[in-house]
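Colleague: My questions all concern the structure below.
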Amino acid sequence: MIRSTVLARLGLAAAVMVAIGGASVAADVEPAHGIAMHGDVKYPPDFTHFEYVDPDAPKGGSITYSAIGSFDSLNPFILRGQAAAGLGVLFETLTQRSNDEAFTEYGLLAETIEMPEDRSWVAFTLRPEARWNDGEPVTVADVIWSLETIKAKGHPFYRAYYANVVSAREEGERRVVFEFDGAINRELPLIVGQMPILPKHYWETRDFEASTLEPPLGSGPYRVARVDPGRSITYERVPDYWGAEVPVSKGRFNYDQIRYEYFRDSNVALEAFKAGQYDFRVENTARLWATAYTGPGVDAGLIVREEIRDESGTGMQGYVFNTRRAMFEDPRVRQALAYAFDFEWSNSTLFFDQYVRSESYFSNTELAATELPDERELAILEPFRDQLPEAVFTTVYEPPTTDGSGELRGNLRTAFEMLQEAGWEVDRATRKLIDTETGQPMRFEILLINPAFERITGPFLRNLERLGIDATMRTVDTAQYQNRVDAFDFDMIVGVWGQSLSPGNEQRDFWSCEAAETPGSRNFAGICDPVVDALIERVIQAESRQGLVAATRALDRALLFGHYVIPHWHSPVTRVAYWDKFDRAEIDPRYGLDLNAWWVDPGKADQVARRQRDLDLDDVVTE
């Protein structure tokens with residue numbers, strides 16, 4: 001996904017035609033200050049800052065966040081190692097998305113963007129003032145090297161994301177042209193703009209594929225100040241940051257320091273927050289939001305709790321079946337096991353009724369398939385009718401429901417009947433569910449990283465046991481979890497797919513056959529379906545907003561009726577808690593928080609510091 005742009009002329013008299021592969025750069029292609037996926041951009045060529053920032057925000061102070069687990073690398077672009085939190089502040093991209101448009105990007109390292117109507121190529125002209133933090137200029141050679149290196153040596157995600165970008169070539173001192181492979185992919189100019197640009201001169205003497213704790217060089221507003229491996233990392237604002245006055249950066253990056261403190265688990269992290277060991281927390285656990293924010297800091301009014309509503313997509317979270325496992329190959333089995341999860345009881349008993357059930361991979365957006373398919377969707381789906389379940393055409397997907405009482409005998413009866421149809425039965429001697437062909441019992445493990453999910457998973461396991469299924473759960477540390485998930489070494493996990501308002505190439509990494517075989521991809525479920533692959537391409541090739549909505553809804557239906565997950569829940573608000581030393585602009589961005597646009601209020605910060613010293617706060621050890 002990316003965001004919108006208005007065309008702006010570059011003061012060049014171009015009356016030539018330059019050949020680029022099979023395409024050509026024509027004189028009538030207008031240089032622009034930004035680009036939108038569909039439609040026009042919001043901000044004009046002479047805009048000075050986003051409207052959800054204060055361009056006069058004071059600089060100074062610090063903010064500390066938490067992270068769970070540990071880290072052993074400062075290279076976030078490779079599969080090897082566990083990268084430290086927050087490294088994105090070191091690096092920049094050619095463009096920067098705005099948080100108040102569906103998918104629009106404006107120039108950051110790039111001063112202008114050129115793109116023909118068919119989007120068969122894109123050209124960027126770099127800002128002459130763009131600099132690495134060692135003073136060297138950002139060059140076209142850096143851009144070309146970045147593309148070639150992250151595709152060849154970077155995390156597998158990059159190979160999928162930039163698969164259709166054939167090459168980049170220099171056309172003048174500051175102008176780089178990206179060539180595409182000819183496939184229709186209207187998102188490509190925007191995702192090229194999102195590519196991290198890395199310094200060729202820095203990496204020429206280093207192994208890009210190695211995990212390292214050496215602070216890397218970037219062009220961003222921060223650099224690494226201190227590293228305590230596995231425990232904390234501190235970034236400091238670059239005082240002479242080259243891009244401070246660039247419109248997409250103006251009023252942002254206001255903290256002098258950004259720090260991440262690591263804790264062994266989320267429970268310790270919460271207690272550390274209340275003890276003042278870090279400043280800002282997004283709360284994803286409803287029980288904790290309702291009951292755990294107590295103590296001196298809360299009682300003294302020094303901790304602010306706020307629910308911020310936005311219109312960003314909430315994607316999908318759920319128990320994910322690894323269909324690479326033989327027991328989960330049959331969609332009837334996957335559908336049956338969904339009847340053993342009691343969301344309504346969980347929401348009432350565990351979540352204080354703070355959630356709604358997720359019924360789409362694109363929840364909380366117009367992209368969700370919440371009604372029967374319309375004419376546009378049917379036109380997309382009809383060629384695949386004999387390869388899709390009939391329900392895709394006749395039924396709106398709804399996960400199994402209960403009355404919330406905790407008694408789901410009817411659901412379990414339905415589940416057992418479906419399992420019987422799929423070739424499973426209960427062995428009378430062992431009372432275990434077995435495969436009628438092999439005699440093997442249904443036995444699997446739910447791999448967890450967050451202990452908070454244990455209390456949710458426990459009742460689910462008990463319901464599975466009533467079906468004769470021997471299911472267990474195991475919570476492991478961050479490194480082990482990441483290694484196992486990257487290698488697809490699990491039966492079931494709690495998976496999360498965040499979604500933008502303009503889905504595109506990242507869908508390949510989520511659902512494609514190629515991603516299913518690529519270690520480290522986010523195709524956790526192992527989905528390999530030619531129909532899904534074809535629908536992904538329809539999403540990527542959509543030429544209008546209406547076409548994108550129709551294609552995405554069609555993809556949503558195919559995924560939902562594939563029963564690859566047992567859907568969880570989502571909230572239409574973001575719950576945040578923070579020590580009352582921050583301020584922000586009056587307007588919140590429409591599509592998600594931009595914490596880089598907040599700032600420290602010196603008066604508030606002094607008051608909080610004085611009051612914290614007077615409070616009897618617990619001494620929480622960072623682990």
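Colleague: Running Debye on segment 464-615 with equal point scatterers at the Cα sites and no solvent, what base-10 log of I(q)/I(0) appears at q = 0.14 Å⁻¹?
Modeller: The Debye formula, applied to the Cα set alone, gives -0.92.
Colleague: Taking other Cβ within 10 Å of each residue's Cβ, how do 563, 201, 49, 570 sort, fewest first?
Modeller: 201, 570, 49, 563
Colleague: Set the Förster radius R0 to 30 Å, insert the Cβ-Cβ distance between residue 134 and residue 167 as r into 1/(1 + (r/R0)^6), and round the FRET efficiency to 0.05.
Modeller: That gives a FRET efficiency of 0.60.
Colleague: A further question follows. Per DSSP helix of 4 or more residues, -39500 (n - 2.57); summed, then divided by the residues of the chain. What does that give at 222 nm, rounded to the nearest 500?
Modeller: Computed mean residue ellipticity for the chain: -7000 deg cm²/dmol.
Colleague: Which aspartates and glutamates, on any chain, are close to residue 200 with Cα under 12 Å apart, when same-chain ones fewer than 8 places away are left out?
Modeller: 136, 142, 148
Colleague: Further question on the same structure: Which parts of segment 298-335 would a label at residue 414 reach, counting a residue when its backbone N lies under 15 Å from a point 7 Å out along Cα-to-Cβ?
Modeller: From segment 298-335, the list is 332-335.
Colleague: Next question, about the same structure. Pull out a ≥ b ≥ c, the square roots of the eigenvalues of the alpha-carbon gyration tensor of segment 367-442, then state rounded if a/c is under 1.5, prolate if not and a/b is larger than b/c, and oblate in the remaining case. Numbers along the way, then the final one.
Modeller: Numbers: a/c = 4.55, a/b = 1.76, b/c = 2.58.
In terms of gyration-tensor shape, oblate.
Colleague: Just going by the charge dipole of segment 18-203, with Lys and Arg at +1 and Asp and Glu at -1 on Cβ, which of 146, 68, 184 is farthest out on the positive end?
Modeller: Of the listed residues, the answer is 68.
Colleague: Still on this structure, please answer the following. At 7 Å along the Cα-to-beta-carbon direction for both residue 437 and residue 610, put a label point, then send me their distance in nm to one decimal.
Modeller: Result for the modelled spin labels: 7.5 nm.
Colleague: With +1 on each Lys and Arg Cβ and -1 on each Asp and Glu Cβ, how big is the dipole of segment 297-364 about its Cα centre, in debye rounded to the nearest 20?
Modeller: It comes to approximately 440 debye.
Colleague: Taking 30 Å as R0, compute the FRET efficiency from the Cβ-Cβ separation of residue 212 and residue 487 and round it to 0.05.
Modeller: My answer for the efficiency is 0.85.
Colleague: Taking each pair of distinct Cα atoms in segment 453-525 once, what is the resulting Kirkwood hydrodynamic radius in Å?
Modeller: One over the average 1/r among Cα pairs gives 14.3 Å for segment 453-525.
Colleague: When only alpha-carbon atoms count, how far does segment 301-429 stretch along each of its three principal axes, as whole angstroms with the largest first?
Modeller: Here the Cα extents, ordered largest to smallest, are 60, 49, 29 Å.
Colleague: Another question about this same structure. Size of the dipole of segment 127-254 about the Cα centre, Lys and Arg at +1 and Asp and Glu at -1 on the beta carbon, nothing else charged, in debye to 20? Walk me through the intermediate numbers first.
Modeller: On the way: 17 positive and 19 negative charges, 84 e Å.
Using only the charged Cβ atoms, the result is roughly 400 debye.
Colleague: Once Rh is set to the Kirkwood radius over Cα pairs, what Stokes-Einstein translational diffusion coefficient, in µm²/s, holds for segment 18-203 at a temperature of 25 °C and a viscosity of 0.890 mPa s?
Modeller: Translational D for this selection: 137 µm²/s.
Colleague: If you don't mind, there's one more thing I want to ask. What distance in nm separates the two pseudo spin-label positions at residue 48 and residue 421, each 7 Å out from Cα along the beta-carbon direction?
Modeller: 6.6 nm
Colleague: How large is the charge dipole for the chain, taken about the Cα centre, if only the Cβ atoms of Lys, Arg (+1) and Asp, Glu (-1) carry charge, to the nearest 20 debye?
Modeller: It comes to approximately 920 debye.
Colleague: Extension gain residue 428-residue 472, at 0.36 nm per residue separation less the Cα-Cα distance, in nm?
Modeller: Full extension of this stretch gives 13.7 nm more.
Colleague: While we're on this one: Which shape class, rounded, prolate or oblate, goes with segment 111-157 when its Cα gyration tensor gives a ≥ b ≥ c as root eigenvalues, a/c under 1.5 marks rounded, and past that a/b bigger than b/c marks prolate?
Modeller: oblate
Colleague: Fully extended, how many nm does the chain gain between residue 573 and residue 517 (0.36 nm per residue separation, minus their Cα-Cα distance)?
Modeller: Extra length from residue 573 to residue 517 when fully extended: 16.6 nm.
Colleague: Taking Cα pairs under 8 Å and at least six residues apart, what relative contact order does the chain come out at, in percent?
Modeller: Details: 1314 pairs, mean separation 125.8, N = 623.
Rounded, it is 20 percent for the chain.
Colleague: Still on this structure, please answer the following. Between the alpha-carbon centers of segment 389-424 and segment 110-180, tell me the distance in whole angstrom.
Modeller: 50 Å
Colleague: Can I ask one more? Which of the three applies to segment 334-401, rounded, prolate or oblate, going by the alpha-carbon gyration tensor with a ≥ b ≥ c and a/c under 1.5 meaning rounded?
Modeller: Oblate, because a/c is 1.5 or more while a/b does not exceed b/c.
Colleague: Kindly state, as a whole number, the per residue volume in cubic angstrom of the convex hull around the alpha carbon atoms of segment 316-570.
Modeller: Spelled out: Cα convex hull of segment 316-570, divided by residues, is 130 Å³.
Colleague: Around residue 431, with a cut-off of 14 angstrom between Cβ atoms, what is the net charge of the other residues, counting Lys and Arg +1 and Asp and Glu -1?
Modeller: 0
Colleague: Over segment 116-201, how many percent of alpha carbon pairs lie in each 10 Å bin up to the one with the longest distance?
Modeller: Per 10 Å bin, starting at zero, the Cα-Cα P(r) for segment 116-201 comes out as 17, 51, 28, 4 percent.
Colleague: Can I ask one more? Stokes-Einstein D for the chain at 4 °C, 1.567 mPa s, Kirkwood Rh over Cα pairs, in µm²/s?
Modeller: For these conditions, the coefficient is 49 µm²/s.
Colleague: Please compute the length gained on full extension between residue 291 and residue 201, using 0.36 nm multiplied by the number of residues separating them and subtracting their Cα-Cα distance.
Modeller: Working it through step by step, the gained length comes to 27.2 nm.
Colleague: A further question follows. Can you flag which of 59/151; 42/604; 274/604; 59/153 are past 29 Å Cα-Cα?
Modeller: Going by Cα-Cα distance, 59/151; 42/604; 59/153 fall outside the 29 Å limit.
Read-outs throughout are calculated quantities, based only on the coordinates presented, and are distinct from any laboratory measurement. No experiment lies behind these values; they were computed from the predicted model shown. Every residue, glycine among them, receives a Cβ derived from its backbone with ideal geometry; neighbour counts consider all protein chains shown.
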